[in-house]
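The values are calculated or read from the model by the stated rules, or taken from the named source; none is laboratory data. The structure displayed is predicted, hence computed values, not measured ones. Don't worry about glycine lacking a Cβ; one is built from the backbone with ideal geometry, like all the others, and counts go over all protein chains shown. Note: areas computed on protein heavy atoms with side chains; ligands, DNA, RNA excluded. Shrake-Rupley method; radii C 1.70, N 1.55, O 1.52, S 1.80 Å.
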Amino acid sequence: MTIREHPALGWWMAFAGAFGFSFKAVLVKLAYRYGVDAETILALRMGFALPFFLLLGWAAEQRAAHRLSVRQWGILFVLGFLGYYGSSYLDFLGLRYISAGLERMILFCYPTLVVLMSAAFLGTRLDRRTLASLVVCYAGLALALVHDLGQNPGSAHDVWLGGGLVFASAVAYALYLLGTGQVVAQIGASRLSAWATTFACLLVLGQFAVMRPLPSLWQQPAPVLWLALAMALVSTVAPVWLVSEAIRRLGSGPVSMSATLGPVLTLLLGAWLLDEPLAFTQLAGCGLVIAGVVMMSRRPRPVSAATAAGEGG
């Protein structure tokens, strides 16, 4: 029996991976309630995840047909800096100011940024369908912004600041994806994800060590440590593996569609666990963002595990 003869398991893996990635913003917001800062919670997340990505990297090396060159290691470092260090750090900073639902919708727009960057740097043409999907996606994002701005007019500065930081996170992640598309065939998807993430983990821990004593990382309230562990396992390591396995069983196209659940799941989880308001304007904006990204996803492009799940930070 072939792997593709078990599609149900593949779909469950895809949905579980989408749920794990969607849960991240909620876990970060819960951790912030204990007075922890972005540098600390991100370092805890990456510290817990590092051993697993080292193991994944080692396993990928055992299967590889050739060793990585010095140039390829350098590329992996740059991609790790952009995709999982820079993008994650900006995302965590932005979550201090905006709702989990708005954060997920902004990040979910990253495919539009990949397409725009491809047009700017690689000469890819923008056809009418692509332009229409851009309009639909960003109209939805505008509706979501209007909802959050209307919740508390006095917090407009925070919404714009947080939204700007998360959008910068999406830009960094789009640059990461643009880079991976150029080198994934030479390096391999498994090695690329494992080692780029490993470099990001080391960069995050190095940043924390420069800013404050490294042992203080573990001197946090117990709930913060548990939330960071959940972030590492439930919202980082597990979904990367689950979506990778789902792609192996179903192919990248069907699995990428499961990512459309992400913004909806985050909105529902935010309303349930964070008491974030849920209104028609926000739901309508979410629907337009998803519709725009789905329209654009029909364009052929390489899809990695993280790409298919719409991780972005």
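Key figures for this structure:
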| item | result |
| --- | --- |
| Residue within the stretch 261-274 that is assigned to a helix (DSSP H, G or I), open to solvent by less than 20 Å² (accessible area, probe 1.4 Å) and farther than 27 Å from residue 36 by Cβ present | no |
| Filtered residues of the stretch 85-105 (kept if small (Gly, Ala, Ser) and within 11 Å of the chain's Cα centre (by Cα)) | 87, 88 |
| Residue pairs meeting the criteria (Cβ under 7 Å; at least 6 apart or on separate chains; first within 14 Å of residue 27 (Cα to Cα), in the stretch 258-277; second among the polar types (S, T, N, Q) and part of a helix (DSSP H, G or I)) | 265/22; 266/22; 267/282; 269/22 |
| Residue 248 in a helix (DSSP H, G or I), open to solvent by 40 Å² or more (accessible area, probe 1.4 Å) and of a type in the set (Lys, Arg) | yes |
| Among residues of the stretch 41-72, those that are more than 29 Å from residue 213 (Cβ to Cβ), surrounded by 14 or more Cβ atoms within 10 Å (Cβ to Cβ) and not polar (S, T, N, Q), counted | 4 |
| Residue list for the stretch 49-68, filter: in a loop (DSSP other than H, G, I, E, B) and over 19 Å from residue 200 (Cα atoms) | 64, 65, 66, 67 |
| Every pair of residues 6+ apart whose Cβ atoms lie under 6 Å, when the first sits in the stretch 103-123 and is closer than 22 Å to residue 29 by Cα while the second is not small (Gly, Ala, Ser) and not in a helix (DSSP H, G or I) | 103/95 |
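This table checks each residue for (1) more than 27 Å from residue 85 (Cα to Cα); (2) open to solvent by 30 Å² or more (accessible area, probe 1.4 Å).
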residue: 100; (1), (2): no, no
residue: 106; (1), (2): no, no
residue: 116; (1), (2): no, yes
residue: 124; (1), (2): yes, yes
residue: 131; (1), (2): yes, yes
residue: 145; (1), (2): no, yes
residue: 150; (1), (2): yes, yes
residue: 161; (1), (2): no, yes
residue: 165; (1), (2): no, yes
